[in-house]
Amino acid sequence: MKKKKLRIIIGYVSAFFVIILLFAVSIFMFVSTNQISKVDQDLMLFKSAVQRVYDRELRVALPLNPKTITIVRGSDGKLDPEFPLTEFYRDGLSEIQDIPLEEIRTISYKGGHYRTVRFNLFLEDELREVQVLYNIDSDIRVLNSLKKILINGSILIILTSIGISYVLANATIRPMKESIEKERAFLQDASHELRTPIAVIQSRLEGLLRNPEEKIIDKYEYIEPALRESRRISRMVSNLMILTRADAGATLDKVERFDLRKLGDDIAIIYGEFAMIQNKKFMYAPPSEEVVIEGNYENLHQLLIILMDNALKYTKDEGIIELAISSTKDRGIIRVMDNGVGIKEENLNKVFTRFFREDKARNRNNGGTGLGLSIAKWITDCHGGTITAQRRKEGGTIIEVQLPKENKNRNGKPKEKA
């Protein structure tokens, strides 16, 4: 995990570095290009001004701009005496003479930097060559200052990005660690839950092999526990497959509008008989008004079966199980209540966790796997609803499911936690 975290940090820092580098280079290129472009515009304006003035035989003292130096040569290539230069600029003229006509170039001359252009001009019917040098030292100083600012700023931002990358890497790794820990806990719990029934089945089968000539009726004490545990494994595997589909992003197969009272009626028929057989009392009074919601009938039927099974398991003889359906303006509400053993206050938020059971031995004897309420929560989440567990003052448990009447979660995927 540490190597993974380091790779993520390096990836984030590299991304920040590339972005900052491209940003800094693009700014510098834009400013430098724009600056030189302005100089070239001034240079060409100066060239045009010189051509217009002298074509009209108007004599104006050169240079026209204090940042420029104008060199005028005759047809023989020598300096025109009518446009004198100081001794400072006379030395080294050969360095700047070999510049193509009508082409703007950047040159270094006498310790300075210039943009220069050469062009021909007729003065008094005689061809002259004019070369203009535009000093860009101030522009270069500006660009150098900008370069330093960008470099220093980029270094500061990169150092800051290392800290940001560390924070982002932690944020990225955290859900991965949680997922790995959950998967490890899930595998440990699953292996633990499967170990006992497999051991029971193995021991019973070994008992059968000790006396193979005996009749099946004589080996009932070996066969019945093995059969019970094999059914329990089958039920657990089925539940695990449902939760695996949930983890893979399984959605509701079909969303339709139906009356929750119909669901309550169907469940009441089944569990009214079950409660009677187990010497328990089942109570259900449907509401007088419709409770129409958008959802998947089969999934909600499965949810209610899970809740009713739990209520029957943990309610003693002559206990009471109650199913209630009601509604608010925008929600349908299902409550399953019992006066059984109840749930400890500190465990109310844990009962929807996979394989969580307060009394594992008792739950195992009842055939429970600790997965039912996890499936119930997934079904509720797919409907965009909520499911909660509460303790009854008089003893027992209330499981309440609230479902929106207008299912905004139409794709049937559980809402992600913020």
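Things worth noting here:
- Subset of region 337-374 that is part of a helix (DSSP H, G or I) and farther than 20 Å from GLY395 by Cβ - its residue that is modelled with the lowest pLDDT: ALA361
- ILE306 falls short of the stated requirement of being more than 28 Å from TRP378 (Cβ to Cβ), surrounded by 12 or more Cβ atoms within 10 Å (Cβ to Cβ) and at pLDDT 85 or above.
- All told, ILE99 meets the bar of being assigned to a loop (DSSP other than H, G, I, E, B), within 30 Å of VAL25 (Cβ to Cβ) and either modelled with pLDDT of 75 or more or β-branched (Val, Ile, Thr) (or both).
- Residue ID - surrounded by the most Cβ atoms within 10 Å (Cβ to Cβ), chosen from residues in region 1-46 that are over 30 Å from ARG105 (Cα atoms) and of a type in the set (Gly, Ala, Ser): GLY11
- LEU312 meets all of the listed conditions (1) surrounded by 18 or more Cβ atoms within 10 Å (Cβ to Cβ); (2) farther than 23 Å from LYS377 by Cβ but one, namely (2).
Quick grid of which residues meet (1) at positive phi; (2) open to solvent by less than 50 Å² (accessible area, probe 1.4 Å); (3) modelled with pLDDT of 75 or more:
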{"residue": "HIS192", "(1), (2), (3)": "no, no, no"}
{"residue": "GLY207", "(1), (2), (3)": "no, yes, yes"}
{"residue": "GLU221", "(1), (2), (3)": "no, no, no"}
{"residue": "LEU227", "(1), (2), (3)": "no, no, yes"}
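- Selected residue [part of a loop (DSSP other than H, G, I, E, B), modelled with pLDDT of 70 or more, closer than 26 Å to ILE399 by Cα and among the acidic types (Asp, Glu)] from GLU214, GLU290: GLU290
- The lone exception for LYS405 - which of (1) farther than 26 Å from VAL237 by Cβ; (2) modelled with pLDDT under 85 it fails: (2)
- Identity of the residue in region 292-303, aliphatic (A, V, I, L, M) and crowded, with 21+ Cβ neighbours inside 10 Å, that ends up farthest from GLY370 (Cα to Cα): ILE293
- Selected residue [open to solvent by 60 Å² or more (accessible area, probe 1.4 Å), of a type in the set (A, V, I, L, M) and at pLDDT below 80] from ALA61, ALA49: ALA61
- When GLU82 is tested against (1) within 22 Å of LEU127 (Cβ to Cβ); (2) open to solvent by 80 Å² or more (accessible area, probe 1.4 Å); (3) modelled with pLDDT of 75 or more, only condition (3) is not met.
- Leading residue by the ranking (modelled with the highest pLDDT) among those in region 126-153 that are farther than 30 Å from ILE19 by Cβ and of a type in the set (Val, Ile, Thr): ILE136
The values are calculated or read from the model by the stated rules, or taken from the named source; none is laboratory data. Predicted model, so just to flag it, every value in this text is computed and none were measured. All Cβ positions, even for glycine, are placed from backbone atoms using ideal geometry, and neighbour counts span all protein chains on display. In case anyone asks, the SASA skips ligands and DNA or RNA and just uses the protein heavy atoms, side chains included. Shrake-Rupley method; radii C 1.70, N 1.55, O 1.52, S 1.80 Å.
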